[in-house]
């Protein structure tokens, strides 16, 4: 499976997890939470490797700035999880992390299209 194939699955998983946390389905949401974190880690590793192979220094810099901001959002989500603040956790995933993942997905799509040209 490629990163582009995986992005939609990961994003759907995040939406489902957030919905479960908001609806107090905590036990099931916690299982999905662990899978989502593993998926984010895998995806970011792949995207980081792909971007690092590019010659575009501006793209690399912009990506790393966004990656740092995304990591801050993940850290806020981890803190919310540890504190049992599942509403805030759902907000961080839906309003921030999904947005970063969408931008990373677009980077990969754009690079793939450039490669085909």
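What number of residues within the stretch 1-15 are within 16 Å of residue 81 (Cβ to Cβ) and surrounded by fewer than 19 Cβ atoms within 10 Å (Cβ to Cβ)?
1
Counting just the residues of the stretch 26-59 that are outside any helix (DSSP H, G or I) and free of Cβ contacts under 8 Å to residues at least 24 places away in the same chain, which one comes out surrounded by the fewest Cβ atoms within 10 Å (Cβ to Cβ)?
55
What number of residues in the stretch 1-25 are assigned to a helix (DSSP H, G or I) and under 17 Å from the mean Cα position of the chain (by Cα)?
So the answer is 17.
Can you work out which of the residues in the stretch 82-111 that are touching a residue at least 24 places away in the same chain (Cβ under 8 Å), more than 16 Å from the chain's Cα centre (by Cα) and surrounded by 14 or more Cβ atoms within 10 Å (Cβ to Cβ) is farthest from residue 28 (Cα to Cα)?
Looking at residues that are touching a residue at least 24 places away in the same chain (Cβ under 8 Å), more than 16 Å from the chain's Cα centre (by Cα) and surrounded by 14 or more Cβ atoms within 10 Å (Cβ to Cβ), I get 111.
What single numbered condition from (1) out of contact with any helix residue (DSSP H, G or I) (no Cβ under 6 Å at 6 or more places or on another chain); (2) in contact (Cβ under 8 Å) with a residue 24 or more places away in the chain fails to hold for residue 16?
Against the list (1) out of contact with any helix residue (DSSP H, G or I) (no Cβ under 6 Å at 6 or more places or on another chain); (2) in contact (Cβ under 8 Å) with a residue 24 or more places away in the chain, residue 16 comes up short only on (2).
Based on this model, can you work out whether residue 62 counts as surrounded by fewer than 18 Cβ atoms within 10 Å (Cβ to Cβ), at pLDDT 95 or above, out of contact with any strand residue (DSSP E or B) (no Cβ under 8 Å at 6 or more places or on another chain) and in a helix (DSSP H, G or I)?
In short, no.
The values are calculated or read from the model by the stated rules, or taken from the named source; none is laboratory data. Since the structure is predicted, the reported quantities are computational estimates derived from the model, not experimental observations. In this analysis, Cβ positions are derived from the backbone assuming ideal geometry, glycine residues included, and neighbour counts consider all displayed protein chains.
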